[in-house]
Amino acid sequence: MKLATKAAFLSKASAAFKRFPFAIIWAILSTIITIVIIEIDTREFTQIKTNLLLVMSLGVSWLIATQFYIEQYKAKSLVWIKIVVVVLLLLFYITLPSSPDSVTVGYIRWVIFMIAGHLTLFFAPFVTVWHPKAYWNYLGNMMIAIARSALFSGVLYLGLVLAMLAVRYLFDISIKEIRYAELFVVCLGVVNTWVYLSDFPKEIQHNIGLHFHKAIEVFVKFILIPLAALYILILYVYAVKIVLQWELPKGWVSYLIIALAALLFLIQFIMHPVRITHDSSIIRKFQPLSYWLFLPLLFLFYVAIYKRIADYGITESRYFLIVIAIFITGAMTYLIFSRKKQLRYLPMALAVSALLSSFGFWGAFSVSERSQTRQFEQVYKKFKEAKLNSALVSAEDYKRFLSISNFLIDHKALHRTENILGYNPTASTTELTAWSLRKNVMDSLQISVEKKTNLNTRRYFRRGERQVLNISGYDYYKEVSFESSSSITNPQEINDYQFLLEQNPSKIMVTKNEVIILEIPLGTFTQELLERPLKNRDVLNKDFNVRGENKIIAVQLHFDSITLETIESTPSISYMRAEVLLKQKDD
């Protein structure tokens, strides 16, 4: 066996750079920018850091896929396509939000582009040409390259970390903690990418020699196929159960069906070149039979999706669930009836679907915003009916109103409710939140929410004498207590700052002149209370405190009493009494 030499190593690295210059330069620049971001620790830089990291992490897969696509044409003039990709990445950076408010759409769109970019790698060299064995070899080389690059970069990182620790503890040389993070970025961004690209053969489409290892057959025959058969059995038994009980399928069944479809596709990709001629009858007969068995399960899939949409409307997650359902249906139908079964069409169709869903009136964001606006109208009509009938608003409708309002506010789509409310709720302020919108609506209609029933309520108290608080560094001290249902109309005030207890989700909101100054989330805090051991689980000790801080104020809350309500496994604080310390910083 010929051992690798230094010259061979440098030759491969040089060849990879010459072949993938855009991708490697992008990876190097991304690494440098990430290290600079790690070094800079200022609050004002937070959103810029996030946006830069999103875009830089997005570029590598797209630039690699672009190179694979260009190589099919044997022409250097197509380098302009790479330039277009870089320009599109920069344009995407411009579209990202400049502040932490309402970043959901930008993040979801980034996830879409990231998934589409990686899916493009599965078909980029075979857009214009096709050979099943060459495609199978390409996928195999891709998996080997991923494993090899992960091994090389992982071993290098662990080895260097161990060396740094040895220097630190043996020679008492101080090494900053962030150096380990920066080393990880270098190994992942530069070493991992460069090693991944170093061994890809240029003539991808002409590599038609088939080397099918026995280990792959064993893996498919004794691991993947039994798992797929087990999933099919579980889903058919569940289908019989819901027919006998005459009930709608649970939404969770959708995930099992997606997992089964992914497993069947994986088996198809692995066994595609030998599926017909293989010696094992299980391998030859499993795939066509499994596809036919899968088709009836799609009925469960669509019914489960319809149930969720009918109850709560379309959100981005449900929109993508519909896209996946349509893709699986089309892919299964194609694999059953197609003779050639060109597998490149599967990732190609999924990538195109992902990209199309990211924009336009047909896209995930526009469709979900229109759907949630209709849901808002339905709940608002129920509120108006409650007013006409002098009735209370149900807790379920109240919760739906908050959820829908949060969705529309986060998507900057609350203006869509103008025709419903009779006024534009965003016209007077840009700091509108779900709780303030709720207050405005319920005050204008003069309605209230019915008391919740069948609640799991738990109360916590601080036992014994109060601890002596260290108030140094703070300007104000006050004991506060309020219920979440009354905190909107009767907030606690400390030096012109209003403290409100928001219940869904649980958080402390500090406002001034109806502008939100600080939010202190309590979700992790309430979960810690629920997970306490049985012994003295109702006792609040000195560790159960929360803090919040920004460039305007700093707040500490030391709890004396808490009432925790759990509705449908969702905990929230309905009452609290606490000592509050407040420090006002320079504006």
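If you filter the range 146-177 down to residues that are modelled with pLDDT under 90 and touching a helix residue (DSSP H, G or I) at 6+ places or on another chain (Cβ under 8 Å), you find that the one that is least open to solvent (accessible area, probe 1.4 Å) is Ile175. Of note, Ala116 does not satisfy the criterion of being assigned to a helix (DSSP H, G or I), at pLDDT below 95 and either buried (at least 21 other Cβ atoms within 10 Å of the Cβ) or of a type in the set (Gly, Ala, Ser) (or both). Taken over the range 229-247, the criterion of being of a type in the set (A, V, I, L, M), exposed (fewer than 14 other Cβ atoms within 10 Å of the Cβ) and over 17 Å from Leu264 (Cβ atoms) is satisfied by Val237, Val240, Val243, Leu244. Checked against (1) more than 28 Å from the chain's Cα centre (by Cα); (2) of a type in the set (Val, Ile, Thr); (3) under 15 Å from Ala229 (Cβ atoms), Ile267 passes all but a single condition, namely (1). Selection over the range 212-228 of residues that are assigned to a helix (DSSP H, G or I) and surrounded by 13 or more Cβ atoms within 10 Å (Cβ to Cβ) gives a count of 9.
Restricting the first member to the range 182-210 and to residues that are closer than 30 Å to Val36 by Cα, and the second to residues that are not in a helix (DSSP H, G or I), the beta-carbon pairs closer than 7 Å and six or more apart or on different chains are Leu197/Phe20.
Do any helices (runs of 4 or more DSSP H) lying entirely in the range 1-109 carry at least 1 residues that are modelled with pLDDT under 85, and which ones are they?
Details: elements: 6-19, 21-39, 46-70, 80-95.
Once the helices (runs of 4 or more DSSP H) in the range 1-109 are filtered for at least 1 residues that are modelled with pLDDT under 85, what remains is 6-19, 21-39, 46-70.
For the range 274-287, taking the residues that are assigned to a helix (DSSP H, G or I) and of a type in the set (A, V, I, L, M, F, W, C), the one that is nearest to Ala325 (Cα to Cα) is identified as Phe286. Here Leu408 meets the list (1) surrounded by fewer than 18 Cβ atoms within 10 Å (Cβ to Cβ); (2) of a type outside the set (S, T, N, Q); (3) modelled with pLDDT of 75 or more almost entirely, failing just condition (1).
What do you reckon, is Leu346 open to solvent by less than 70 Å² (accessible area, probe 1.4 Å), within 30 Å of Ser290 (Cα to Cα) and modelled with pLDDT of 95 or more? Before the answer, list the steps.
Values: open to solvent by less than 70 Å² (accessible area, probe 1.4 Å): yes; within 30 Å of Ser290 (Cα to Cα): yes; modelled with pLDDT of 95 or more: yes.
When the stated conditions are applied, Leu346 passes them.
Given the structure, is Ser338 among the small types (Gly, Ala, Ser), under 20 Å from Ala228 (Cα atoms), out of contact with any Lys or Arg (no Cβ under 6 Å at 6 or more places or on another chain) and at pLDDT below 95?
Details: among the small types (Gly, Ala, Ser): yes; under 20 Å from Ala228 (Cα atoms): no; out of contact with any Lys or Arg (no Cβ under 6 Å at 6 or more places or on another chain): yes; at pLDDT below 95: yes.
Criteria not met by Ser338.
Checked against the criterion of being open to solvent by less than 50 Å² (accessible area, probe 1.4 Å), out of contact with any Lys or Arg (no Cβ under 6 Å at 6 or more places or on another chain) and either closer than 17 Å to Asp560 by Cα or modelled with pLDDT under 70 (or both), the range 513-524 contains not a single residue that satisfies it.
Name every residue in the range 175-230 that is of a type in the set (Asp, Glu) and over 31 Å from the mean Cα position of the chain (by Cα), in order of residue number.
If the condition is that a residue be of a type in the set (Asp, Glu) and over 31 Å from the mean Cα position of the chain (by Cα), then Asp199, Glu203, Glu217 are the ones that fit.
The criterion of at least 3 residues that are touching a Phe, Trp or Tyr at 6+ places or on another chain (Cβ under 6 Å) is met, among helices (runs of 4 or more DSSP H) falling completely within the range 288-388, by 316-337, 345-356, 364-388.
The residues on offer are Val155, Val129, Val161, and the sole one that is assigned to a loop (DSSP other than H, G, I, E, B) and hydrophobic (A, V, I, L, M, F, W, C) is Val129. Residues in the range 271-319 that are aliphatic (A, V, I, L, M) and open to solvent by 70 Å² or more (accessible area, probe 1.4 Å) were compared, and the one that is modelled with the lowest pLDDT is Ile276.
Just to be sure, is Asp543 modelled with pLDDT under 85 and surrounded by fewer than 13 Cβ atoms within 10 Å (Cβ to Cβ)? Spell out the reasoning first.
Numbers: modelled with pLDDT under 85: yes; surrounded by fewer than 13 Cβ atoms within 10 Å (Cβ to Cβ): yes.
Judged against the criteria, Asp543 is a match.
Given Leu293, Leu321, Leu298, Leu289, which one is of a type outside the set (Gly, Ala, Ser), closer than 25 Å to Pro347 by Cα and out of contact with any helix residue (DSSP H, G or I) (no Cβ under 7 Å at 6 or more places or on another chain)? Before the answer, list the steps.
Numbers: Leu293 fails: out of contact with any helix residue (DSSP H, G or I) (no Cβ under 7 Å at 6 or more places or on another chain); Leu321 fails: out of contact with any helix residue (DSSP H, G or I) (no Cβ under 7 Å at 6 or more places or on another chain); Leu298 fails: out of contact with any helix residue (DSSP H, G or I) (no Cβ under 7 Å at 6 or more places or on another chain).
Selected residue: Leu289, the only one of Leu293, Leu321, Leu298, Leu289 that is of a type outside the set (Gly, Ala, Ser), closer than 25 Å to Pro347 by Cα and out of contact with any helix residue (DSSP H, G or I) (no Cβ under 7 Å at 6 or more places or on another chain).
Taking the criterion of being open to solvent by less than 40 Å² (accessible area, probe 1.4 Å), of a type in the set (A, V, I, L, M, F, W, C), over 20 Å from Phe122 (Cβ atoms) and not in a helix (DSSP H, G or I), would at least one residue in the range 194-204 satisfy it? The answer is no; no qualifying residue exists.
Counting the residues of the range 243-273 that are assigned to a helix (DSSP H, G or I) and in contact (Cβ under 8 Å) with a residue 12 or more places away in the chain gives 19.
The values are calculated or read from the model by the stated rules, or taken from the named source; none is laboratory data. Computed from a predicted model, the values in this text were never measured in an experiment. Reconstructed Cβ throughout: ideal geometry from the backbone, glycine too, with neighbour counts over all protein chains shown. Each accessible area value is taken on the protein alone, full model and side chains, heavy atoms only, with ligands, DNA and RNA left out. Shrake-Rupley method; radii C 1.70, N 1.55, O 1.52, S 1.80 Å.
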